[in-house]
Amino acid sequence: MEFELKKLSKAAIPAALGRAERYRLLNEPALAESICQDILVVEPDNRQAIALLILALSDQFIENIVDNLDHAWSLLSRLNDEYLQAYYQGILFERQARVYMRRAAPGSHFSAYDLFREAMRLYEKAERVRPHGNDEALLRWNTCARAIMAGRLEERPLDDFRPMLE
């Protein structure tokens, strides 16, 4: 069954953004995602809604990393800001790394390390172009470094290649 979705009024957008943020904080990312989608129908270039949607999608990586990552990645260019693009790309890599840290699959800790390092590279890029007084990228870089150290994550050894058996 198809429904015609109701359209949010422009006047309701600030309250809707606040509600989406609250739903994320209450660990209800699907609700935050839905609200952000409603906002973006009315204001397609609303950076705050785009950023919240990226975060809400990344909050759902455990359930479905493939679709949520693809959708989040497709939103990055809509931020239209070098700092924001680098920062949120870093977040996407960092959150992927955290998914790999929870997996017991062989080599997943090496993948987590690689993803954390890529996030750190992007946070360094964001740090170079950040607005004055904004140290968020630096804080995220430190969080990644601490996760690597606490998890005792390491680079994948060059001799770790294992051919698939038929």
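The values are calculated or read from the model by the stated rules, or taken from the named source; none is laboratory data. Everything quoted here is computed from the prediction, not taken from an experiment. Cβ: placed from backbone, ideal geometry, glycine included. Neighbour counts: every protein chain shown.
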**OP:** Might you check whether a residue that is over 13 Å from the mean Cα position of the chain (by Cα), free of Cβ contacts under 8 Å to residues at least 24 places away in the same chain and over 20 Å from Tyr123 (Cα atoms) occurs anywhere in segment 70-82?
**Re:** no
Original post:
With segment 1-92 as the region, which helices (runs of 4 or more DSSP H) entirely inside it contain at least 3 residues that are at pLDDT below 95?
Top reply: 65-75
Original post:
Taking segment 11-27, which residues are surrounded by 16 or more Cβ atoms within 10 Å (Cβ to Cβ) and either more than 15 Å from the chain's Cα centre (by Cα) or more than 23 Å from Tyr83 (Cβ to Cβ) (or both)?
Top reply: Ile13, Ala16, Leu17, Ala20, Tyr23
**OP:** List every residue pair whose Cβ atoms lie under 7 Å apart, where the two residues are 6 or more positions apart in sequence or sit on different chains, the first residue falls within segment 123-135 and is under 14 Å from Leu84 (Cβ atoms), and the second residue, located anywhere, is loosely packed, with under 11 Cβ neighbours inside 10 Å.
**Re:** none
Subject >> Set Arg152, Arg140: member being within 19 Å of Leu69 (Cβ to Cβ), among the basic types (Lys, Arg) and not assigned by TED's automatic domain parsing to the domain that holds Ile50 >> reply: Arg140
Subject >> Count - residues of segment 52-68 that are buried (at least 22 other Cβ atoms within 10 Å of the Cβ) and without any contact (Cβ under 8 Å) to a residue 12 or more places away in the chain >> reply: 1
